[in-house]
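Peer 1: For reference, the structure I am asking about is given below.
What follows is calculated from the coordinates using simple rules that are stated; it is not laboratory data. Keep in mind that what you see is a predicted model, and the values were worked out from it rather than measured. Neighbour counts are summed over all protein chains in view; Cβ atoms, including those assigned to glycine, are modelled from backbone coordinates with ideal geometry.
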Amino acid sequence: MVTLVKTMWGFTAAIMTLAMPLSATAEVKATETVETYAISGKTGAELYASIGERGPLLGANRVVAHTRFKLTWRRDYQRQGNDCLLATAIPRLTIITTLPKPMGKLSAPVRASWTTFIDGVRRHEAVHGHYVRDLVTKIETATIGLRQADDPGCTKIKTEMNRRLGAISDERRDLDRAFDQAEFTEGGAVHTLILALVNGP
């Protein structure tokens, strides 16, 4: 089964509480890739306007950058008597981050301003990547070793797993949403990055 989830941050700021803290779990191994889309402009304001015109379209909105992931599992279900046990579950995780990239040559002041902006964008998206890894860890904890009684065909166990995974996935989406909205609050990291880029050289 392939799970494809998108998280993103766009142009409309929203006010909410501070983001929840990252959990102190070991990092899950993942293949990370970066995709870019071309933008143009000679000033920070022009570059940001180009982002608004060319940024990835997710739903009805264009976004500056976003992180999505592909997650597959190799699971070993074992029949034990009349029960079913999930003995092992090995994840294969790919995290894909999409970022804007200026195509034209920038003056030194604009290039410096852009570097500050895009470095901040990367830091923001890295948090979403951490949430994805944390999701995988929680799935492992919630499912590996799960035993379902009276399930010789290993069908009931999958229903129970889906119930557990739904709650874990909802929790991660809430974290993503709270983090994005807090970052866009006036004075938040993303809000500050955008203002500096648009009002800079």
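Peer 1: At what distance in angstrom do the alpha carbon centres of region 38-75 and region 167-197 lie from each other?
Peer 2: The distance from the Cα centre of region 38-75 to that of region 167-197 comes to 15 Å.
Peer 1: To continue, here is another question. Place +1 on the Cβ of every Lys and Arg and -1 on the Cβ of every Asp and Glu in the chain, take the dipole about the Cα centre, and give the residue among Thr116, Ala126, Tyr37 whose Cα lies farthest towards its positive end.
Peer 2: Result: Tyr37.
Peer 1: What percent do you get for the relative contact order of the chain when only Cα pairs under 8 Å and 6+ apart count? Write down the numbers at each step before the final one.
Peer 2: On the way: 348 pairs, mean separation 65.6, N = 201.
Reported as a whole number, the value is 33 percent.
Peer 1: While we're here: Using the C-alpha gyration tensor of the chain, what are the square roots of 5 times its eigenvalues, in whole angstrom, with the largest one first?
Peer 2: Details: eigenvalues 341, 51, 34 Å².
They are 41, 16, 13 Å, listed largest first.
Peer 1: Helix 189-199: angle to the longest alpha-carbon principal axis of the chain, degrees 0 to 90, nearest 10?
Peer 2: Computed tilt is about 20 degrees.
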